[in-house]
Structures are given as C-alpha cells and as structure tokens.
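Contents: one structure, followed by commentary.
The values are calculated or read from the model by the stated rules, or taken from the named source; none is laboratory data. All values reported here derive from a predicted model rather than from experimental measurement. We place every Cβ from the backbone using ideal geometry, glycine too, and count neighbours over all the protein chains shown.
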Amino acid sequence: MNTPDLNLLPVFEALLRHGNVTRAAAHMGLTQSAMSSALGRLRRQLGDPLFVNTRGGMLPTPRALELAPSLTDALAMVRGALGAREAFDPRRTTRSLRVYMTDVGETVLLPALMRHLHQHGPAIRIETAQLPASELVVRMETGDIDLAVGYVPQLRDKIRRERLFDEHYVCMTRPDHPLGRRSALTLKEFLSVRHVLISSMGSGHQQLERALAEHGVEENVALRVPHFMVVPLIIAGTDLIVSLPSQVAKAWTQLVKMKVHPLPIRIPSFDVSLYWHPRVENDAANRWVRGALLELFGDG
C-alpha cells in the first residue's frame, strides 16, 4: 500500500463523523464533487471502499473502523502540535464539536452553553448526539464523539473525566395538585398517585427505575415515554407525578408552572461530569469548550 496523502486524512475523519458526503463536504468547506473526488483518491490509496452507501447513510467498512483510531490519533497529534504554536482564538475558529448528551443534558446545559458561545465563540458549531452509553467508548476512540457530558458511569479506564456538579432526584406535580399541598409529600401519597416514567436513551438513571420498582410504582404507571420533552405539559394538565433530576425540574419551572417536591424515596445522588478521550486532551477547541462548561456549571 502506498503512503496515503496526509491531506486526505481530514476527509476520512469528516466522513466517519457525518456518514454523509454532503454534510462532510460542508464541514470541510468543500463542494460535494470535491469531497467525492477526495474520497475516491483515499479509496485508491488505502485499497478499500472505506464507506458504503446504505439507507442509514454511508457506513464505514471493517477496514475503515480498523484504521479509524490510528488515523484520528494522528490528526489529533498534528492539531495539537499546530495549536501549541498558534494562539487559539475562540472568536475566530469555525471548529465543529460533536457532544454526547441525553435530552436531560440538553435541557439543563445547552441554553447556557449556547449563550456563552454566542458571546465568546460565535462561529463554533455544536452538534449533540444521543446513543446508547455502551457505544460511547468506541465512538470517542474513533473521533465520532468529541466530548460527553452527563452521568455516564460506564465511561472508565481510557476516558478522562472532570466532575461538574452533584445531582439528586425530586418529583413534580401541577401547582394545585391535591397531594402535598400543606406539607412535604409523604411516601404513602407518592405511592398512591399515578406516575409518568421516563426512559431516556443513554441515561444512567436505572437506579431511579429500580428504586421505584422496589416500591411497587411499576403497577401504578400511567405513561412511559422515551424522552423528557412532552412531560411538563402532561404534568401541568393532569394529576400525574414524575420523578426526575432536580436541575431538569428547575429548568421546567421557568417554562411551566409546577410544584417541586422532595422525593420521598431515598436514592443516592450522582455526579454530572465531562468526559473526553486522551487524544483530544490538548486539542485547543475541545479544551476551550471543556473550560466553558466548567466555568458555567462546575461547582468548584
């Protein structure tokens, strides 16, 4: 195999990340025909199709997945070396970062982060991704995910971590709900009312579901949904109750009138953290966004 043209490595990375020639071309600042031409040269030099068209987009071949960690590491080293010599200017960079977070994280973190970027890094682009937590290590190794934020206890060993804040669970009802009106919601009241359960993809909140199941709440579930988006409107208009992280409840009360109650079941608190692969430790854009998140949400 001939030594590949190193100028083509960002093309490989962009296609790996976006799974689409048009989006990869836009990310690279190229026309679609130029991206297709570059992919053709890369295929010839590496002797493999690398990406094949499917209904789900352009999927990497086994050879592409085999090459991905080494090639993305090489790019990270080059960018780190260049970044060490050139001052990073967040106001001028047009870097794009793909960040893993659940819809919980999007609700709590994205509004403040995007306001911060609007003021200090207006051309930085953020793309969020939701996927099973079991896939995160591989996606971060290949460069498909630049940064992860949330409660992801599965991420250990090779992945770096920085704690943001401690989180705990509460429950919510509409303001004039007949239960918990004069004092704290009791366990008996909590178990007597019908519940909404949220099973958000990728979240680490299985301990909440286990605790609720141990108290028999499963038999009194009126609605189970895979995301948080619609829940505030449902709670505000019914006698249902929902258990959720306190920061999500705080965000919701700014949009819809609701009452927050201490959860009458003992569930351990958990850390919300930043996670990144060692290969992007010194990547200037990644480091700057990590710093912004720590500044905005870190509790010291």
Practice item. Starting from the range 102-125, take each residue that is within 17 Å of PRO245 (Cβ to Cβ) and list its partners that are aromatic (Phe, Trp, Tyr), counting only C-beta distances under 6 angstrom and pairs at least six apart or across chains. Key: ASP103/PHE228
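Can you pull out every residue in the range 237-252 that is in a helix (DSSP H, G or I) and either loosely packed, with under 15 Cβ neighbours inside 10 Å or among the aromatic types (Phe, Trp, Tyr) (or both)? Write out each step before concluding.
So in the range 237-252, the residues in a helix (DSSP H, G or I) come out as 246-252.
Listed by number, the residues that qualify are LYS250, TRP252.
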Check your understanding: So which residues in the range 26-83 are surrounded by 13 or more Cβ atoms within 10 Å (Cβ to Cβ), of a type in the set (Asp, Glu) and closer than 20 Å to MET140 by Cβ, if there are any at all?
Key -> ASP73
Revision key, fill the gap. ASP48 meets each of (1) in contact (Cβ under 8 Å) with a residue 40 or more places away in the chain; (2) charged (D, E, K, R); (3) not in a helix (DSSP H, G or I) with one exception, condition (1)
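If you go through the range 163-192 one residue at a time, how many are among the hydroxyl-bearing types (Ser, Thr, Tyr), touching a residue at least 60 places away in the same chain (Cβ under 8 Å) and out of contact with any helix residue (DSSP H, G or I) (no Cβ under 8 Å at 6 or more places or on another chain)?
Step one: filter the range 163-192 for residues among the hydroxyl-bearing types (Ser, Thr, Tyr), giving 169, 173, 183, 186, 192.
Narrowing further to those that are touching a residue at least 60 places away in the same chain (Cβ under 8 Å): 169, 173, 186.
With out of contact with any helix residue (DSSP H, G or I) (no Cβ under 8 Å at 6 or more places or on another chain) added as a condition, the list becomes 186.
Selection size over the range 163-192: 1.
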Check your understanding: Name the pairs whose Cβ atoms lie under 6 Å apart, with the first residue in the range 145-162 and assigned by TED's automatic domain parsing to the domain that holds LEU109, the second in a loop (DSSP other than H, G, I, E, B) and among the hydroxyl-bearing types (Ser, Thr, Tyr), and 6 or more positions between them or separate chains?
Key -> GLY150/THR102
Point to revise | Evaluation of ILE234 against (1) part of a helix (DSSP H, G or I); (2) buried (at least 20 other Cβ atoms within 10 Å of the Cβ) (one fails), failing number | key: (2)
Revision key, fill the gap. Quick count over the range 181-205, residues being at pLDDT 90 or above and not in a loop (DSSP other than H, G, I, E, B), is 9
